[in-house]
Amino acid sequence: MALQSIRNIRGNSRCADCEAQNPDWASLNLGALICIECSGIHRNLGTHLSRVRSLDLDEWPLELIKVMSAIGNELANGVWEANAQGRLKPAPDASR
């Protein structure tokens, strides 16, 4: 039930990185939901940059649910992409 509330946060219906629909992975460090393709890229960045967890497969302690509920994709992208200087996001098929 609590994880569904994370999915319902404004902006969380699309991957924070590539905007693919219905992301089911989370970057805990960034406070954003991401798709499975982008989750693999985040894993390769290292846990010091992005700790990845599945909404469906992993355990979610209350503290992590609170963090994800407080941030969400819209706020996270507002912070992390504030100085993107016109650079475009990758498309959902960019990793293929």
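Before moving on, here are some points about what is shown:
- Neighbours of SER13 by Cβ distance under 11 Å: Lys/Arg scored +1, Asp/Glu scored -1, total +1.
- Selected from ALA26, ALA70, ALA16 as most flexible by GNM, with the chain as the system and alpha-carbon contacts under 10 Å: ALA70
- Distant-in-sequence amide H partners of TRP25 (H built 1.01 Å from N, under 5 Å): ILE34, LEU55
- Between LEU64, LEU30, LEU55, the residue with the greatest mean-square fluctuation in the GNM of the chain (Cα pairs under 10 Å linked by springs) is LEU64.
- Here the accessible area of the chain is 53 percent carbon and sulfur, with a 1.4 angstrom probe and all protein chains present.
- Relative contact order (percent, whole number), the chain, Cα cutoff 8 Å, 6+ residue spacing: 33 percent
- Across region 36-43, computed HN-Hα scalar couplings (Karplus, 6.51 cos²θ - 1.76 cosθ + 1.60, θ = phi - 60°) run 5, 5, 5, 5, x, 5, 4, 4 Hz from first to last residue, x flagging Gly and Pro.
- Mean projection area, nm², convex hull over Cα of region 1-44: 2.9 nm²
- From helices alone, the chain scores -10000 deg cm²/dmol at 222 nm; the rule is -39500 (n - 2.57) for each run of n ≥ 4 DSSP H residues, then divide by the residue total.
- Globularity index of region 33-83, i.e. its alpha-carbon radius of gyration over 2.2 N^0.38 Å: 1.19
- Isotropically averaged projected area of the chain, using the convex hull of Cα atoms (one quarter of hull area), nm²: 6.0 nm²
The values are calculated or read from the model by the stated rules, or taken from the named source; none is laboratory data. Bear in mind that the values here come from a model prediction, so they are computed numbers and not experimental data. With ideal geometry, Cβ positions are generated from the backbone for all residues, glycine too; neighbour counts draw on all protein chains shown. Calculation scope for accessible area: heavy atoms of the full protein, side chains included, ligands and nucleic acids excluded. Shrake-Rupley method; radii C 1.70, N 1.55, O 1.52, S 1.80 Å.
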